[in-house]
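Peer 1: Sharing a structure below in structure tokens format, with a few things to ask.
The values are calculated or read from the model by the stated rules, or taken from the named source; none is laboratory data. Source: prediction; values computed, not measured. Backbone-built Cβ (ideal geometry, glycine too); neighbour counts: all protein chains shown.
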């Protein structure tokens, strides 16, 4: 099959139309589609438009609310709890982000716990929006069980991704967007669909044995990065995203691909800080430019250009 080249705008338009055909309002469909194409443009295809079929299927089955009543159910000024009413993850998370950015006009920092949400694609999508407002962002999400506790064999925690971003003056923003597993499970799913093997060290079988078989890995567990350190960070994210938010946690979260018996009830936790609450954006950018410039000036290792 020959490759098909499509512009990002055309891909967004097509993706939004697919979601609209499954009951999502146009504005929300565009929010979701923009987030997916954003992931593709960053080279994170596992979180891009490859998710459209499962998103559409869950909408078709009524497992996602196409017209959610997203509400603030607890408001302490600089701390909010948002109930996503089982809406699309990107719609709920972007709604919460906009609420938080508005609050930064009155509060230097804002924390938002999100419950009753769904898979929100790549966290860098929301980081990019925060960068438009010169706001630092920390975003955490739990996920369906795919990772065993350190030393165990039974899946309990998800890949529990986290995102951090700050502006960097004349340089591109610093954006860290990663799972707490060695690899995002979406990459193993893609490998299984393509009949490809996966690198050693990504996952283990259901019996806890190392494997390079993508299908066996999906039946087993992904591994945390850095061993117990990655597991510890995943546990922290489970606590703030699942326990503190009032969302699902552990096996109470529905699997995106395999569980069609109930909504996902994914949780998230977001922290936003206005740079101006600490120093002027000009001073911050100057200091960030020094940091990035000095790092770039470090002697590169053999085989590394920069």
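Residue-by-condition table, conditions (1) crowded, with 20+ Cβ neighbours inside 10 Å; (2) modelled with pLDDT under 95; (3) farther than 20 Å from residue 249 by Cβ; (4) out of contact with any strand residue (DSSP E or B) (no Cβ under 9 Å at 6 or more places or on another chain):
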residue	(1), (2), (3), (4)
153	no, yes, no, no
158	yes, no, no, no
191	yes, yes, yes, no
195	no, yes, yes, yes
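Peer 1: Name every residue in the range 31-42 that is part of a helix (DSSP H, G or I) and surrounded by 15 or more Cβ atoms within 10 Å (Cβ to Cβ), in order of residue number. Spell out the reasoning first.
Peer 2: At the first step, the residues of the range 31-42 found to be part of a helix (DSSP H, G or I) are 31-41.
31, 32, 33, 34, 35, 36, 37, 38, 39, 40 - these are the residues of the range 31-42 that are part of a helix (DSSP H, G or I) and surrounded by 15 or more Cβ atoms within 10 Å (Cβ to Cβ).
Peer 1: Let me ask something else. Take the conditions assigned to a loop (DSSP other than H, G, I, E, B) and crowded, with 23+ Cβ neighbours inside 10 Å and apply them to residue 64. Does it pass?
Peer 2: Answer is yes for this residue.
Peer 1: What number goes with the only condition from (1) under 21 Å from residue 168 (Cα atoms); (2) assigned to a helix (DSSP H, G or I); (3) touching a residue at least 40 places away in the same chain (Cβ under 8 Å); (4) touching a helix residue (DSSP H, G or I) at 6+ places or on another chain (Cβ under 8 Å) that residue 129 does not pass?
Peer 2: With respect to (1) under 21 Å from residue 168 (Cα atoms); (2) assigned to a helix (DSSP H, G or I); (3) touching a residue at least 40 places away in the same chain (Cβ under 8 Å); (4) touching a helix residue (DSSP H, G or I) at 6+ places or on another chain (Cβ under 8 Å), residue 129 is out only on (3).
Peer 1: As an exercise: evaluate residue 200 against (1) over 30 Å from residue 74 (Cβ atoms); (2) touching a residue at least 24 places away in the same chain (Cβ under 8 Å); (3) touching a strand residue (DSSP E or B) at 6+ places or on another chain (Cβ under 7 Å); (4) in a loop (DSSP other than H, G, I, E, B) and give the number of the one condition it does not meet.
Peer 2: It is condition (2) that residue 200 fails.
Peer 1: Here's another thing I want to ask about it. Could you tell me whether the range 76-92 includes any residue that is surrounded by fewer than 18 Cβ atoms within 10 Å (Cβ to Cβ), at pLDDT 95 or above and within 20 Å of the chain's Cα centre (by Cα)? Walk me through it before giving the result.
Peer 2: At the first step, the residues of the range 76-92 found to be surrounded by fewer than 18 Cβ atoms within 10 Å (Cβ to Cβ) are 76-79, 85.
Subsequent filtering for residues that are at pLDDT 95 or above retains 76-79, 85.
Pick out the ones that are also within 20 Å of the chain's Cα centre (by Cα) and you get 85.
Checked against the condition, which is being surrounded by fewer than 18 Cβ atoms within 10 Å (Cβ to Cβ), at pLDDT 95 or above and within 20 Å of the chain's Cα centre (by Cα), the range 76-92 yields at least one hit.
Peer 1: I've got another one for you. Here is a list: 189, 137. Which entry is touching a residue at least 60 places away in the same chain (Cβ under 8 Å), touching a helix residue (DSSP H, G or I) at 6+ places or on another chain (Cβ under 9 Å) and part of a helix (DSSP H, G or I)?
Peer 2: One residue alone meets the criteria, 189.
Peer 1: While we're here: Criterion first (buried (at least 24 other Cβ atoms within 10 Å of the Cβ) and either at pLDDT below 95 or within 24 Å of residue 251 (Cα to Cα) (or both)) does residue 114 satisfy it?
Peer 2: yes
Peer 1: Looking at the range 272-293, can you tell me whether even one residue there is buried (at least 19 other Cβ atoms within 10 Å of the Cβ), part of a strand (DSSP E or B) and under 17 Å from the mean Cα position of the chain (by Cα)?
Peer 2: Yes, the conditions are met somewhere in the range 272-293.
Peer 1: From the list 179, 165, 130, which one is at pLDDT 95 or above, under 18 Å from residue 35 (Cβ atoms), crowded, with 21+ Cβ neighbours inside 10 Å and under 14 Å from the mean Cα position of the chain (by Cα)?
Peer 2: Only one candidate passes the filter, namely 165.
Peer 1: Ok, one more. Output the number of residues of the range 232-254 satisfying the condition of being buried (at least 17 other Cβ atoms within 10 Å of the Cβ) and outside any helix (DSSP H, G or I).
Peer 2: Total meeting the criteria: 7.
Peer 1: Would you please name the residue that is nearest to residue 255 (Cα to Cα), looking only at residues in the range 203-219 that are surrounded by 15 or more Cβ atoms within 10 Å (Cβ to Cβ) and in contact (Cβ under 8 Å) with a residue 24 or more places away in the chain?
Peer 2: Step by step, filter the range 203-219, then rank; the result is 218.
Peer 1: Looking at this structure, is residue 222 under 15 Å from residue 147 (Cβ atoms), modelled with pLDDT of 90 or more and either surrounded by 15 or more Cβ atoms within 10 Å (Cβ to Cβ) or over 20 Å from the mean Cα position of the chain (by Cα) (or both)?
Peer 2: On the way: under 15 Å from residue 147 (Cβ atoms): yes; modelled with pLDDT of 90 or more: yes; either surrounded by 15 or more Cβ atoms within 10 Å (Cβ to Cβ) or over 20 Å from the mean Cα position of the chain (by Cα) (or both): yes.
In short, yes.
Peer 1: For the range 43-61, which positions are buried (at least 16 other Cβ atoms within 10 Å of the Cβ) and either under 25 Å from residue 262 (Cα atoms) or modelled with pLDDT of 95 or more (or both)?
Peer 2: Scanning the range 43-61 gives 46, 47, 48, 49, 50, 51, 52, 55, 56, 58, 59.
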